[in-house]
Each structure stands twice: as C-alpha cells, then as structure tokens.
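Step one of this worksheet: look at the structure below.
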Amino acid sequence: MNRIPSGVVQFFEPLSSIRRETEDKILKLFKSRGYQEIITPTFVYEDSVSEFLFEPLKNKLFKIVDRTSGQTMILRADITLQITQAVLLGDFDMPMRVCYSQNVYRDIKEHQGQKREFKQTGIELFGLKEIEADREVISIAIDSIKLFGLGNLCVKISDTYIIENLIGEYNLDKHQAEKLRGFVYTKSLSDIKKGDFPNELKNTIENLSSISGSIENNNIGYEAYKLAKEIKDEHSDIDVFCDLFYCEHPMYHHGITFEIFSGNKQLVVGGRYGNITKKLGKYIPATGFAINLDELVQFLHERSLKNE
C-alpha cells in the first residue's frame with residue numbers, strides 16, 4: 001500500500017536542506033551574471049516536440065492523454081528543447097540569457113544510479129558568437145561548481161565537428177562513417193588502424209589521439225584547443241583536458257562540448273546545440289549546460305560525511 005514508483009525523487013533531512021541551499025546558491029550566481037529564470041510547462045503535446053527530440057529520448061517518454069483535446073501529452077523530458085522553442089516563439093532581442101531549475105522525467109530502467117525523475121539546473125545562451133558564448137558558459141559552469149569548495153576539478157573540452165569534418169573531407173560512405181564514429185566514441189584507435197579507412201585519415205586521427213590532453217603545444221590550431229588554453233588562463237587552479245579524439249554518439253551537441261569532473265564524478269555537461277534551433281526553423285547560435293542537481297547534492301552530502 002505504501003510503495004512509491006522506483007526511480008522517483010524523495011528527500012529527507014539533511015538532504016532536503018542541502019538540495020534547497022545548493023539550488024538557491026546556483027540560481028543566485030546565474031542571475032548575478034545576467035541570466036533570467038524561465039519556468040517551462042511540465043506537460044507538452046507530444047506532436048509539438050517529438051520531431052525535434054534527441055533520438056534516444058523518444059523511447060523514454062511518459063505519456064498521458066489530455067481529456068480536453070484527446071491529444072497525447074508527455075512529461076517534460078528535455079528542458080533545452082522547451083526553452084529553445086519558447087525563445088524562438090517569443091522573438092526576443094539577442095543575445096538572450098536564461099536559467100532554469102526544473103524536474104525532468106524519463107521512462108528508463110533504473111540502473112547505475114539513473115533516475116526516472118531528477119532535477120536539472122543550468123543556463124542557455126542564445127544569439128552570441130559561438131566561441132565567445134563557449135567561453136562565457138564554461139566559465140559560469142566552473143564558478144557554479146566552485147561555490148561548494150570542491151577540489152580536484154577538471155574540465156574536458158571537445159569538438160564534435162573535428163571527426164565529422166574528416167568524414168566529409170575523405171568522402172566516407174554511410175557505413176564507413178558509422179564505423180568510424182563508433183570506434184572514436186569507444187577510443188578504439190587500434191580498430192581504426194585495422195579498418196578500411198584511407199591511410200591519411202588514419203594518420204590524422206592517430207595524431208589527434210596523441211595531442212589530446214596536453215594544452216602546452218602552441219602549434220595546435222583547433223578551436224577546442226584554443227578555447228581550452230583560454231579557460232586554463234582564466235582558471236589556473238583547475239585542470240583542463242582537451243580531447244580532440246572525440247565523438248558523441250548519438251550526437252546531441254554540434255561543435256564545442258564540455259564536461260566538468262571532481263575526481264571521477266561528472267558534475268556538468270554542456271555544449272553547442274545551434275542545430276536544434278535550425279531544425280525549429282530559425283538558426284540562432286546556442287550553447288548551455290546542465291547540472292543534475294540531485295546527483296550534485298548526493299555527491300556533496302557524501303563528501304561532507306567523509307570529512308566529519
């Protein structure tokens with residue numbers, strides 16, 4: 001009689017207070033940097049978003065029928081898409097800076113700590129020249145995590161276009177392209193070397209693998225590397241890792257992507273997604289990041305217990 005569904009949110013003290021304080025601190029920082037809070041609907045009509053949803057999410061939707069219209073509605077599965085639609089429909093002056101802190105619902109099997117309900121906190125920046133936007137968004141993400149005195153921070157910066165551009169440059173067919181993406185995604189350099197790819201392409205990718213990580217070589221011309229150098233100059237107290245041997249599969253971000261870790265714990269995920277605005281009918285440069293607030297709170301709580 002007293003069971004609750006698996007994978008849903010339920011907090012007791014002290015976690016409930018930690019969660020509230022953590023959320024308030026982060027939102028206060030966002031607003032101090034010029035980001036205005038937006039609150040999106042919990043329900044949306046499926047046919048208004050399904051075409052544009054990230055493909056892996058399409059099989060993870062909670063669906064209900066609207067008794068009034070008879071249409072199928074879904075619980076919010078992707079805040080970024082909702083915000084993008086709102087900004088495009090609102091015809092706001094650019095650049096547009098928004099922040100949010102809302103629950104997300106995904107019908108997934110609970111495993112490895114994944115939840116079907118969790119709270120995301122983050123920012124979205126629209127209409128600003130891309131590298132300038134990347135720099136701003138990554139710096140705010142770093143400052144958000146620094147609020148909690150976490151050590152051993154590392155930012156990983158990548159670029160989905162590096163491999164995609166090589167696929168186009170060497171005219172790989174669909175089958176070869178998918179094979180290459182899979183090998184890069186799993187960091188299988190040995191499989192790439194053995195694969196039926198042009199030798200020049202193999203050599204280029206091997207070089208990308210060898211120069212990834214270090215940001216000391218001033219001769220590397222990739223945009224992700226230059227950005228990593230700038231972030232390191234601004235935040236000298238954290239590690240910055242530039243991964244040029246990178247593929248996001250399936251691809252959500254298009255261009256610069258980044259993650260922030262404390263030790264082995266991933267705390268922030270972000271990057272460019274202007275391709276979504278293009279699909280919605282009007283291209284606007286867009287980038288942002290998300291923090292899984294519930295995972296951050298659990299991480300902070302566990303750290304505090306260790307320090308007692």
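Values as computed for the structure displayed
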| quantity | calculated |
| --- | --- |
| Pairs with Cβ under 7 Å, 6+ apart, first in the range 232-247 and within 18 Å of residue 142 (Cα to Cα) and free of Cβ contacts under 8 Å to residues at least 60 places away in the same chain, second part of a loop (DSSP other than H, G, I, E, B) and of a type outside the set (S, T, N, Q) | 232/215 |
| In the range 49-80, the residues that are outside any loop (DSSP other than H, G, I, E, B) and surrounded by 14 or more Cβ atoms within 10 Å (Cβ to Cβ) | 49, 57, 72, 73, 74, 75, 79, 80 |
| Residues located in the range 229-247, provided they are among the acidic types (Asp, Glu) and part of a loop (DSSP other than H, G, I, E, B) | 237 |
| Any hit, the range 135-155, residues being among the basic types (Lys, Arg), under 22 Å from residue 294 (Cβ atoms) and at pLDDT below 95 | no |
| Residue in the range 138-159 that is exposed (fewer than 14 other Cβ atoms within 10 Å of the Cβ) and of a type in the set (A, V, I, L, M, F, W, C) present | yes |
| Selected residue (only one of 200, 234, 302, 216 is more than 15 Å from the chain's Cα centre (by Cα), among the charged types (D, E, K, R) and at pLDDT 95 or above) | 200 |
| Residue that is farthest from residue 295 (Cα to Cα) [pool: residues in the range 1-22 that are assigned to a loop (DSSP other than H, G, I, E, B) and polar (S, T, N, Q)] | 2 |
| Lone qualifier among 243, 294 - being under 18 Å from the mean Cα position of the chain (by Cα), more than 21 Å from residue 156 (Cβ to Cβ), buried (at least 20 other Cβ atoms within 10 Å of the Cβ) and not aromatic (Phe, Trp, Tyr) | 294 |
| Exclusive hit being within 28 Å of residue 178 (Cβ to Cβ), within 19 Å of the chain's Cα centre (by Cα), buried (at least 19 other Cβ atoms within 10 Å of the Cβ) and among the charged types (D, E, K, R), set 248, 259 | 259 |
| The range 162-221 - residue that is in a loop (DSSP other than H, G, I, E, B) and aromatic (Phe, Trp, Tyr) and, of those, nearest to residue 258 (Cα to Cα) | 170 |
| Segments classed as strands (runs of 3 or more DSSP E), wholly inside the range 248-298, with at least 2 members that are at pLDDT 95 or above and within 24 Å of residue 91 (Cα to Cα) | 265-272, 286-292 |
| Residue match in the range 268-283 (condition: more than 19 Å from residue 164 (Cα to Cα) and basic (Lys, Arg)) | yes |
| Which listed residue is among the aliphatic types (A, V, I, L, M), surrounded by 11 or more Cβ atoms within 10 Å (Cβ to Cβ), modelled with pLDDT of 90 or more and touching a helix residue (DSSP H, G or I) at 6+ places or on another chain (Cβ under 8 Å), from 38, 83 | 38 |
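Matching residues to (1) modelled with pLDDT under 90; (2) farther than 22 Å from residue 126 by Cα:
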| residue | (1), (2) |
| --- | --- |
| 24 | no, yes |
| 27 | no, no |
| 31 | no, no |
| 52 | yes, no |
| 63 | no, yes |
| 68 | no, yes |
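The values are calculated or read from the model by the stated rules, or taken from the named source; none is laboratory data. What you are looking at is a predicted structure, and each value in this text was computed from that prediction instead of being measured. Heads up, the Cβs are rebuilt from the backbone with ideal geometry, glycines too, and the neighbour counts pull from every protein chain shown.
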